[in-house]
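The values are calculated or read from the model by the stated rules, or taken from the named source; none is laboratory data. This is a predicted model, so every value here is computed, not measured. Cβ placement follows ideal geometry from the backbone for every residue including glycine, while neighbour counts extend to all protein chains displayed. With ligands, DNA and RNA removed, areas are computed over all heavy atoms of the protein, side chains included. Shrake-Rupley method; radii C 1.70, N 1.55, O 1.52, S 1.80 Å.
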Amino acid sequence: MAGSAAVLEDGSRLSQLDRGLLRLERLLALLCGLAVFSLMFLAVISVSGRNLFNAPLPGYVDWIEQAMALIAFLAISYTQRDGGHIRMDILVGRLSGRALWAAEFLTTLAAFGLMVLLVWGTWSHFDRSFDFNAPLWSRDSSIDIGIPIWPAKLLAPIAFAVLSARMALQLWGYGRAFVLGLVEPVAVPLVQSAAAQAAEEAAHVEDLGSDGGTG
């Protein structure tokens, strides 16, 4: 299962690329959060309109369908960077040293291959929907109010491409750790022990308390 993880940084080229990609991942995660907030806002408008004026928001379901692509895909690379995706650690959690990095490399490689195929497949799915010569550049649209569907379909290959880039960096990190025999490599999620998690959370709470006291 997923656990708390730390990602170390240094001045290496790998770490620089990791931090650069992280900026893009944080932006996509922010857009994902805004999409969630927008859905709550639209729900309030639709329910209020139905109860007060007997007129719910037109196309409410259509807008939900479009926003689901933002919510489902845009933050997956950010979560991958921090090791937040659900996985089984029964075997890998017992490994250490080069055996651990080899196992992490092989599992990440398998996931990377799948993501490359998904980039190709989802791009083809988008391409079937997009047409410069069609109205609103769309060959298909939502059922209720006719929203073009191609923008939502485009989000999938974009998000999967960013995730593929993240996995490529992690393959580099795991491979480097295996070859050099590193204990704490950079640019890969290092699962923390319960004691380390508690210490980090305590330090975070202490920082928040000191910031509030000085303010």
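Tabulated values for the structure
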item	result
Which listed residue, of Ala110, Ala99, Ala69, is open to solvent by less than 50 Å² (accessible area, probe 1.4 Å) and modelled with pLDDT of 85 or more	Ala69
Single residue of the range 126-148 satisfying the filter (free of Cβ contacts under 8 Å to residues at least 60 places away in the same chain and buried (at least 17 other Cβ atoms within 10 Å of the Cβ)) that is farthest from Ile64 (Cα to Cα)	Phe130
Positions within the range 178-214 being at pLDDT 70 or above, open to solvent by less than 80 Å² (accessible area, probe 1.4 Å) and over 24 Å from the mean Cα position of the chain (by Cα), in sequence order	Gly181, Leu182, Ala202
Candidates Ser48, Ser38 - the one that is among the small types (Gly, Ala, Ser), assigned to a helix (DSSP H, G or I), in contact (Cβ under 8 Å) with a residue 12 or more places away in the chain and open to solvent by less than 60 Å² (accessible area, probe 1.4 Å)	Ser38
Members of the range 115-125 that are among the aliphatic types (A, V, I, L, M) and either part of a strand (DSSP E or B) or open to solvent by less than 100 Å² (accessible area, probe 1.4 Å) (or both)	Met115, Val116, Leu118, Val119
Some residue of the range 84-91 being open to solvent by less than 30 Å² (accessible area, probe 1.4 Å) and not acidic (Asp, Glu)	no
Candidate set: the range 9-33, residues that are open to solvent by 70 Å² or more (accessible area, probe 1.4 Å), touching a residue at least 24 places away in the same chain (Cβ under 8 Å) and part of a helix (DSSP H, G or I); chosen: the one nearest to Ala161 (Cα to Cα)	Leu24
Test: residue in the range 51-73 that is among the β-branched types (Val, Ile, Thr), out of contact with any Phe, Trp or Tyr (no Cβ under 6 Å at 6 or more places or on another chain) and within 24 Å of Phe160 (Cβ to Cβ)	yes
Every pair of residues 6+ apart whose Cβ atoms lie under 6 Å, when the first sits in the range 51-67 and is on the phi < 0 side of the Ramachandran plot and assigned to a loop (DSSP other than H, G, I, E, B) while the second is β-branched (Val, Ile, Thr) and surrounded by 10 or more Cβ atoms within 10 Å (Cβ to Cβ)	Leu57/Ile45; Pro58/Ile145
Answer from Gln16, Gln66 - the residue that is closer than 30 Å to Leu182 by Cβ and among the polar types (S, T, N, Q)	Gln16
Residue in the range 54-61 that is of a type in the set (Phe, Trp, Tyr), surrounded by 14 or more Cβ atoms within 10 Å (Cβ to Cβ) and modelled with pLDDT of 90 or more present	no
